[in-house]
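The values are calculated or read from the model by the stated rules, or taken from the named source; none is laboratory data. Please read these numbers as outputs of a predicted model, since none were measured by experiment. Cβ placement follows ideal geometry from the backbone for every residue including glycine, while neighbour counts extend to all protein chains displayed.
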Amino acid sequence: MGDSMLPKVYDPSHIEQKWYDFWLAQKYFSAKETKTGKEYSIVIPPPNVTGSLHMGHALNNTLQDILIRYHRMDGYNTLWMPGMDHAGIATQNVVERQLAQEGLHREDLGREKFIERVWEWKQQSGGAIVNQLKRLGCSCDWDRERFTMDEGLSRAVREVFVRLYEEGLIYKGDYIVNWCPRCHTALSDLEVEHEDSSGSLWFIKYPLDGTDKHITVATTRPETMLGDTAVAVNPSDPRYADLVGKFAILPLVGRKLIIIGDPIVDEHFGTGALKVTPSHDLTDFELARRHGLERVTVMDFHGKINENGIHFYGMDRYECRKAIVRELDEKGFLEKIEPYAVGLGKCYRCKDVVEPLISKQWFVKIGPLAEEALKAVQDGRTRIVPEHWTKTYFEWMTNIRDWCVSRQIWWGHRIPAWTCQDCGEIIVAREEPRECSACKGTRLVQETDVLDTWFSSALWPFSTMGWPDHTPLLKTFYPTSCLVTGFDILFFWVARMMMMGLKFMHDVPFRDVYIHALVRDENGKKMSKSLGNVIDPLLVMDKHGADAFRFTLAALAAQGRDIRLSESRIEGYRNFMNKLWNAARFALPHLADAPGAGFAELPDRLDVVEQWIVSRLQRAIEEVRNGIESYCFNDAAQCLYQFTWHEFCDWYIEYAKIPLAKSGTEEALRAKKVLGYTLDRILHLLHPFIPFITEEIASKIQGERASITCGPFP
Ligand SMILES: [Zn+2]
Ligand SMILES: [Zn+2]
C-alpha cells in the first residue's frame, strides 16, 4: 500500500483505521473450523450491551489481543470469539429511564412491548463498545459475534435449564434472598455490596413466661422483632442452660417464643441470647429450618411493615425502627443502646440497603457442580495465573451456597416453566407445552421471572460455539486455551463457567485463567467519576493513537500489581512510537535499493557489532516469547522497549551509518541486510503489542510478502 517512504511525522490517525479495514477485508481474523493440530482460542468476556469502553476493558482486551496476535503469527489456527452480554438489570434500567422521559413506565407498555422496545434500543444505541474494541485493534473473529439473547444462545440456555431441572439440580423453593426494595428483585450474594456503617446495638428485655424475670437479647435491627418466633442461646452457655425449652414473651406483640439451644449462637455477641426472625435473616432462616420453627413475615417487598406488624402496619422499615425503639423505651423493655459497627448490604445497582426476605425463587443446586469445578483446578486441568488466586477459588468453591437464578425483571431469558392453573403442576420444557402433563388441562401460565444474567454467561464458552449441537467449532476449539479476566468476576463468572463446562461438555472450559490487575490512577486510587480521575480510553486513543495506549497498558501489566496509569505514561510510550517511526524512516531508503527484499537471511559474514546486535535480537526474541507465554506482558514489553530504543536505535543504527555511507561497497550491502533483518524482526516482535504502526512500516519493506498480521513470529 502506498509508496515506499514514510511521512516525516508519525500520525496514528492516518494509519490506524486504514489498516483495521484492510485486516477485516482480508479476513485475517477468521478461524478455520476444522482442526489443524495447532489451535489457540479465547472467548471474550462479553461486555454489556450497554457498555462503553473503560480502562478495565481496554487492559483486558489489549492483553487478549496480544495473546491472539502472537499465536496467530506463530502459526496457530486462532479463534477469538467476540460477543456481548444482554446485561439484564443494567439494560432494563437504561430503557426504563428512556421511557421515564416520555412519562411512561414499563407497566404501561406491558411485557411484550417493553421487550420490543429493548430490542429497538439495542438496534439503535446498543453495542457501541464493539466499534470501540475495533478502534483498539482487537482482532476478534467478528463474523462469529454472539449475543447472550440471540437465538442460538437462548436455545442453549433452555436446554441447560431443562436438563438441570430433570436431574434435580434446579428446584423452586422458599428461600431467604437478598431483596432490593427499590429495584424489586432478588440479588445474588455477589450482587450485594458490603459496607461498614456505624449503627447501634439495642438490648431488649424479653419477659420469661410465668416469671417476673427476663432474658435480654441484643439486635442491630429492632424492627424485625415483630417477626420473632424464638430466642436462641448456645446450649453450652452456663448463663442460659436451664432456660432452653422454656418460653419468653415477645414485647409489644405478646407472642410466646420458645427458647432453643443451638451451637451456632455466638456467646460473645451481645448478651449471648439471640432473637430469631426466620423470615428476615438468613442465619435465623436456617435455624428455623433445623428447629422446625414457625415463620412470620412482617415486611413486604417494598420494605414496609405488613399486616403482621400490629399497629406498625404500613410503616417504612426505618420509620418502624424509630417507633418500635420509642415504644420499647416507654414500656420499659429497652435496657440500653450501644454504638455498634454494622455491615450493611447494599444493592450493587441502586445502593439501597437490601432486605433479607422470603420469596419463591428458582435455585441451582450447586454442591455437585462445585465439587467437579473444584477438582478440575486441584488436579491442574485448569490453571489459574497468578497462582495465589487458586486459594481464593478453593475457598469460595467449598463455601458456596445454592445459586438463586431467578430475577424479577423482564429483560432476559424467561424461565421455561409453566404452571397448570387447574392442578398446579409445574412443567419445565424446551418448547411451550400445549397441555398439562398431569391433568391434560390447557390453562398454562409461564413463569414471569427471567434468569440471572450470569446464567447465560456461564454457558458462554460452549454456547457461542453452537452447543447443544455437536459443531466442528466446538470440536476444534473447546476447551479454549485461555480466559483473560479481572479478579472481580472470578466468582460471578469464571467459577460458574467451570461448573457448566464440566457438566455439559465434560471438560473444563479453558486450560488457563489469567487474572489481571486493576487499572488505577497515578496515585493508586480507583478511577471513578466522583473522584474525577477517570482517563477515557477513547480520548487517549484519539490523542496518542491506539498503539501507544496499548503498549502502555502492556508495559504496566505486571502480575499481581495494580496498574497506576497517567497520561504522561502514555505520552512516554507515544515517544517510543516516534522513535520507531524515525528509525524506520532512516532505514527505508537504504533498504529500497538493496537486493533480497524481506531480509529473510543474514549475510554469511558479520562484523563484531553486527554479531552483537544479532545476538541481542536473539535474546529479545526469547524473552518476548517467554514473557507472552507466561503472561508476563510487562517483561515482554519492557524488553522490546529497551532493545529497540537503546540497543537498535541508539547503538546499532548509529554504528551502521558508517558502512552505509560507503555506497556500493560490500560493507554497505552487508549493513543494509543486517539493518533490514533486524528491523523486520523488531516489527514482527512488536506487532502483537502495536499492530498498526508495525503494519504500516512493514508494508514498506516487505515487498510482495503478506501482511505482518500473518507472521511468522520470529
Ligand atoms: Zn436496587
Ligand atoms: Zn394440570
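Things to note:
- Residue in the range 484-500 that is within 16 Å of ligand 1 (Cβ to nearest atom), closer than 30 Å to L136 by Cα and not charged (D, E, K, R) present: no
- When F455, F477, F462 are checked against the criterion of being under 24 Å from A373 (Cβ atoms), at pLDDT 95 or above and touching an Asp or Glu at 6+ places or on another chain (Cβ under 8 Å), a single residue qualifies: F477.
- Of all residues in the range 168-202, those satisfying the criterion of being away from ligand 1 (no atom under 16 Å from the Cβ), aromatic (F, W, Y) and surrounded by 19 or more Cβ atoms within 10 Å (Cβ to Cβ) are Y175, W202.
- Qualifying position, being closer than 25 Å to G168 by Cα and crowded, with 19+ Cβ neighbours inside 10 Å, among F477, F510, F492, F455: F455
- Contact map, the range 148-165: residues that are touching a residue at least 60 places away in the same chain (Cβ under 8 Å) paired with residues that are part of a helix (DSSP H, G or I) and among the basic types (K, R), Cβ distance under 9 Å, separation 6+ or inter-chain. Pairs shown: M149/K122; V160/K503; R163/K503; L164/K503.
- Subset of the range 107-147 (residues that are more than 30 Å from Y70 (Cβ to Cβ) and without any contact (Cβ under 8 Å) to a residue 12 or more places away in the chain): E107, D108, L109, G110, E112, K113, E116, W119, E120, Q123, Q124, S125
- Hits in the range 524-579 - residues which are in the same structural domain as C632 (by TED's automatic domain parsing) and small (G, A, S): G545, A546, A548, A554, A555, A557, A558, G560, S566, S568, G572
- Matching residues, the range 346-356, being buried (at least 20 other Cβ atoms within 10 Å of the Cβ) and either in a strand (DSSP E or B) or more than 8 Å from ligand 1 (Cβ to nearest atom) (or both): C347, E355, P356
- Among residues of the range 665-680 that are of a type in the set (S, T, Y), those with a Cβ under 8 angstrom from a residue that is in a helix (DSSP H, G or I), sequence gap 6+ or separate chain, pair up as T665/P659; Y677/V614; T678/I613; T678/V614; T678/L617; T678/F648; T678/Y652.
- Selected residue [away from ligand 1 (no atom under 16 Å from the Cβ), out of contact with any helix residue (DSSP H, G or I) (no Cβ under 9 Å at 6 or more places or on another chain), touching a residue at least 24 places away in the same chain (Cβ under 8 Å) and among the aliphatic types (A, V, I, L, M)] from V405, V377, V364, V385: V385
- Conditions (1) within 21 Å of V160 (Cβ to Cβ); (2) within 11 Å of ligand 2 (Cβ to nearest atom): number failed by E432: (2)
- Which numbered condition W467 fails, given (1) in a loop (DSSP other than H, G, I, E, B); (2) aromatic (F, W, Y); (3) surrounded by fewer than 19 Cβ atoms within 10 Å (Cβ to Cβ): (3)
- Where a residue in the range 682-707 is at negative phi and hydroxyl-bearing (S, T, Y) and its partner, wherever it lies, is in a loop (DSSP other than H, G, I, E, B) and modelled with pLDDT of 95 or more, with Cβ under 7 Å and at least six apart: T694/H687; S707/Y28
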